[in-house]
Number of protein chains: 2
Amino acid sequence: MDPAPRRPSMADVASRAGVSYQTVSRVLNEPGIVRPDTRTRVQQAITELGYTRNRAARALKTTRSSLIGMLTDGSALFGPAETTTAIESAAREAGYSVLLTTVGAHDDCEREIGAELLGSGADGVLVVAAHEGMVPAVAAVARSTPVVAVSAQAPRAPGVEVVGVDQQLGALQVIEHLARTGARSVVHAAGPQDWFDARARLEGFEHAVELHGLDGTVVGPGDWTPRAGYDLANDLVREGLPDAIFAANDMMAIGVLHALHEHRLRIPEDVAVVGFDNTLGAEFQVPSLTTVSQPFADLGRLALQRLLCLLEGHELPPGTPSTLPPRLVVRRSTRPERTH
Amino acid sequence: MDPAPRRPSMADVASRAGVSYQTVSRVLNEPGIVRPDTRTRVQQAITELGYTRNRAARALKTTRSSLIGMLTDGSALFGPAETTTAIESAAREAGYSVLLTTVGAHDDCEREIGAELLGSGADGVLVVAAHEGMVPAVAAVARSTPVVAVSAQAPRAPGVEVVGVDQQLGALQVIEHLARTGARSVVHAAGPQDWFDARARLEGFEHAVELHGLDGTVVGPGDWTPRAGYDLANDLVREGLPDAIFAANDMMAIGVLHALHEHRLRIPEDVAVVGFDNTLGAEFQVPSLTTVSQPFADLGRLALQRLLCLLEGHELPPGTPSTLPPRLVVRRSTRPERTH
DNA sequence: TGCTTCAATGTGAACGTTACCATTCGGGGC
DNA sequence: GCCCCGAATGGTAACGTTCACATTGAAGCA
């Protein structure tokens, strides 16, 4: 093995460029105040040596790690993967790196995750797919670190800002569409109620159903998976079908479709089906799935922007929303609206 | 604002426990050599103050960051999300945190990403969904940092170890199954050829088809999305259908199914369809999708294990595989095998 | 008792950077 | 020609840890 080929430090760059390491630091941090020819000399030395700043030393001295912790449920990576990606690239652009912490949905994660996040030294934390089990950990972290949650209504812990898509509005759009297309009875195949999003969708469903005088029933809760939708739909087939089934997410809707097909039911003629999320495959289900599209990427960027404001102390641009509207995407799994 | 409520340091813990900071360090790093009563005193002080080690200082002194960089394609989070999750939790268990770096499939990512990874100070790097565009960046990183790639055959850059699922074997299993169920002509709807996995599946297809004397054709390449599968299948319907269509991944297979349904073709009677990945929704497509299941979670753990060996210099347990076998999952989108 | 020995703990220095203050140097105003 | 000023750069200290070594104290043994 090589005798520890130590990465070059500022001192190495400095001696190569014939300046002091302080000048190197200045070239990196406030290039404006160093004379152009010195600056280019230093920059050349930097590229020649392949120098990169030692992150640890920098963090130690500045007490800022340039790290953002991202706490997310493992299973959630399937759905809002776009949020994750958007956050990461926006963070990179702002000079931060993203520290990923996943948590199993059913982990007893309070102690461990909280400690992990705290110990990670992140400047701020983003909670991406929020469920009840995360709340204690998040609350603990929030006492010493800025936290922004991407969530329906949020881990209402003190110090936690929330950015989200209006899930209730999404549910309302679904119900209105179903009402307009002639549905009288609607069943909501609910998601796991320890997830904030699932709860918000359920509440939205109940309000909307009442508002429109529909016959609304809730079954479940399921666990976001196709199998849950499949099982719930089979139960419904046995016990009597409504005009429409509104699944808590696309995966459950896929399971619902499958069960209905097995029973040779026609969609949407016998039953209409609606999902939520507009995930990648939704458009190509059979029939293509009417669903609610969430602006996952915008959401990620928005959350990061908010966190950066918290971290760097500047104001949020006025008019920045904290809630984004979802968008109903009508496809073939529901009856067409009359286009008189 | 509070006047910078500095987090407690070892010195704070030490003075509270009435020992020197060195003793605190020892309690944390080699508890065995400090007297039990001192140890408990220190530990109590630690919990009372909510002390956590300053990661930056530790990294600075030890020249190890306890960070593992994970480079992945953004779109890949949809598929092998399990790999990501498995890696993260295994890493946490081993005392490492995961730094996430995503890259758009079509980014001109060479310079930027390479610099990012290098500058991140990660002790090692894991490349999760490998495509051609990553190679320069990965090669650059590999010169100064251990790199393990999770990939078919890999960015063959010097110093990059590879762990993967045997994609060719998967393709072979598919073709054998199709041959046994009476298919004579098979079309492969290929994936993007700058992805190593896609290329391996294509090659596996070609070998297997020749081996079994089938009439094999390749169409595409597609871009992993359902729409690509949909478009390719529509072309096929127009130009003449084979007995079976083998899509490069499940998403493309979903698009294929959709197109076939639109043309009122029966699956598998008129055309059989096979996917790859066994993603969450595959079982509940209509009909349920025959596909190749990849042990994503095992793969993630394996990759991390390899990287840790590289990092910490110990030997890989003998008999540890570097290639995992996939498993064909036969469902209803292909004809049943004769069970004589 | 006096010496060695070892276990337990303390002290000093260093990791690579940035904040702060000191120094140098050339030029403009009197 | 003197002083002062500001621009450019250099030097020193400190962030919180860990490593290597120094110190302490009690036990073991002649």
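A few comments on the model shown:
- Screening B:Val42, B:Val19, B:Val27 for residues that are away from chain A (no Cβ under 14 Å) and within 10 Å of DNA strand D (Cβ to nearest atom) leaves exactly one candidate, B:Val27.
- Pairs are defined by a Cβ separation below 7 Å, a sequence spacing of at least 6 or placement on different chains, a first member in the stretch A:18-41 that is within 16 Å of A:Pro8 (Cβ to Cβ) and at pLDDT 85 or above, and a second member that is of a type in the set (A, V, I, L, M) and in a loop (DSSP other than H, G, I, E, B); the pairs so defined are A:Thr23/A:Val34; A:Val27/A:Val34.
- Helices (runs of 4 or more DSSP H) enclosed by the stretch A:120-211 - at least 2 residues per element that are closer than 30 Å to A:Glu269 by Cβ: A:167-180, A:196-211
Residue-by-condition table, conditions (1) more than 30 Å from B:His177 (Cα to Cα); (2) without any contact (Cβ under 8 Å) to a residue 24 or more places away in the chain; (3) assigned to a loop (DSSP other than H, G, I, E, B):
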position: B:Leu299; (1), (2), (3): no, no, no
position: B:Cys309; (1), (2), (3): yes, yes, no
position: B:Leu316; (1), (2), (3): yes, yes, yes
position: B:Ser333; (1), (2), (3): no, no, yes
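- Among the residues of the stretch A:4-16, the ones that are away from chain B (no Cβ under 14 Å), open to solvent by 30 Å² or more (accessible area, probe 1.4 Å) and within 12 Å of DNA strand C (Cβ to nearest atom) come to 3 in all.
- Meets criteria (modelled with pLDDT of 85 or more, closer than 30 Å to B:Ser9 by Cα and more than 8 Å from chain A (Cβ to nearest Cβ)) for B:Glu93: yes
- Remark: B:Arg64 falls outside the filter, which requires a residue to be closer than 30 Å to B:His131 by Cα, facing chain A (nearest Cβ under 7 Å), open to solvent by 30 Å² or more (accessible area, probe 1.4 Å) and of a type outside the set (Gly, Ala, Ser).
- Some residue of the stretch A:259-271 being in the same structural domain as A:His177 (by TED's automatic domain parsing), part of a loop (DSSP other than H, G, I, E, B), β-branched (Val, Ile, Thr) and open to solvent by less than 10 Å² (accessible area, probe 1.4 Å): yes
- Pairing each residue of the stretch B:114-128 that is more than 11 Å from chain A (Cβ to nearest Cβ) with any residue that is of a type in the set (S, T, N, Q) and assigned to a strand (DSSP E or B), provided the two are 6+ apart or on different chains, yields C-beta distances under 9 Å for B:Val125/B:Thr101; B:Leu126/B:Thr72; B:Val127/B:Thr72; B:Val128/B:Thr72.
- A Cβ distance below 6 Å, combined with a sequence gap of six or more or placement on separate chains, defines the contacts here; from the stretch A:44-71, residues that are more than 17 Å from A:Tyr21 (Cα to Cα) and of a type outside the set (A, V, I, L, M, F, W, C) reach residues that are within 12 Å of DNA strand D (Cβ to nearest atom) and open to solvent by 20 Å² or more (accessible area, probe 1.4 Å) in the pairs A:Ser65/A:Gly121.
- Here B:Ser25 clears all of (1) within 11 Å of DNA strand C (Cβ to nearest atom); (2) in the same structural domain as B:Ala137 (by TED's automatic domain parsing) except the condition numbered (2).
- Condition met for B:Thr279 (part of a loop (DSSP other than H, G, I, E, B), in contact with a helix residue (DSSP H, G or I) (Cβ under 9 Å, 6 or more places away or on another chain), buried (at least 18 other Cβ atoms within 10 Å of the Cβ) and among the polar types (S, T, N, Q)): yes
- Exactly one residue out of A:Ala86, A:Ala59 is in contact with a helix residue (DSSP H, G or I) (Cβ under 6 Å, 6 or more places away or on another chain), facing chain B (nearest Cβ under 9 Å) and within 12 Å of DNA strand D (Cβ to nearest atom): that is A:Ala59.
- Scanning the stretch B:261-305 for residues that are more than 14 Å from chain A (Cβ to nearest Cβ) and more than 14 Å from the chain's Cα centre (by Cα) yields B:Pro268, B:Glu269, B:Asp270, B:Val271, B:Ala272, B:Val274, B:Phe276, B:Thr290, B:Val292.
The values are calculated or read from the model by the stated rules, or taken from the named source; none is laboratory data. Keep in mind the model is a prediction, meaning the values are calculated, not measured. Neighbour counts are summed over all protein chains in view; Cβ atoms, including those assigned to glycine, are modelled from backbone coordinates with ideal geometry. When the accessible area is computed, the model is the full protein with side chains, heavy atoms only, and any ligands, DNA or RNA have been set aside. Shrake-Rupley method; radii C 1.70, N 1.55, O 1.52, S 1.80 Å.
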